[in-house]
Amino acid sequence: MKSGSFLDLPLSVRPHNILTQLGVAKDNRDLVTFLLKEVAKSQRQKMEELYRFVPNAGPDSWDMITAGQRVQVMKRNDEGKAVLQFGTELIASGDGSIAGLLGASPGASTAPSIMLRLLERCFGGLVDAWRPKLEAMVPSYGRLLNEEPQLLEEISSSTAETLRLNG
């Protein structure tokens, strides 16, 4: 999210979500304090923070740009406790006709897994017919690599060969 307003969060408060938001704030007080301090930093304070990591950085060598803000999911878990969820969450309508991805944008390491879950949730009746093709594309599809060390070794070797990581 590269644009927005300081009013985005307050304007998102609704009667149905205020207790969840207050619960997340209460249980994550240190995080909320840290994030508010970060947002409120001046340009000078941001440069001072940079100098802690790159002491010889010259002010003319850097351009501050807005990289975007991560959006996090606040919800109630299965026990009813308010939680702040980092990462992503796939949501879909009951009939699978529409789906969305909430939270931080997925990186290359999670995007395939999320897309496979999307196929299963939105096209469940067709996945069995697609299984041979899915397994050809993703040999570990539907399997747990931590339970199959031989498969993990095969996939790791194949990946290393494809990416030319062997020596």
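Close amide-amide hydrogen proximity is noted between Lys75 and Val83, Gln85, each under 5 Å apart and 5 or more residues distant or on a separate chain (H modeled in the peptide plane; Pro and chain starts excluded). Given the options Glu38, Glu49, Glu89, which has the most mean-square fluctuation in a GNM of the chain, springs set between C-alpha atoms less than 10 angstrom apart? Fluctuation is largest for Glu49.
Using only the Cα atoms of the chain, build the gyration tensor, take square roots of its eigenvalues as a ≥ b ≥ c, and label the shape rounded, prolate or oblate: rounded if a/c is under 1.5, else prolate if a/b is larger than b/c, else oblate.
Taking the square roots of the gyration eigenvalues as a ≥ b ≥ c, the chain is oblate.
Measuring nothing but how far apart in sequence close Cα pairs (under 8 Å, 6+ apart) lie, relative to its length, segment 1-86 scores a relative contact order of 42 percent.
Taking all Cα pairs closer than 8 Å and separated by 6 or more residues, the relative contact order of the chain comes to 15 percent. Which residues does the label zone of Glu135 cover in segment 143-162, counting backbone N under 16 Å from a point 7 Å along Cα→Cβ? Of the residues in segment 143-162, 143-145, 148, 151-152, 155 have backbone N under 16 Å from the label point off Glu135. Between Ser12, Ser93, Ser156, the GNM of the chain built on Cα springs shorter than 10 angstrom shows Ser156 fluctuating the most. For the chain, the tally of Lys pairs with Cα-Cα distances below 22 Å comes to 7, considering only residues 8 or more apart or on different chains.
No value in this document is a laboratory result; all are computed from the given coordinates. Everything quoted here is computed from the prediction, not taken from an experiment. Quick reminder, even Gly has a Cβ in these numbers, built from the backbone with ideal geometry, and neighbours come from all protein chains shown.
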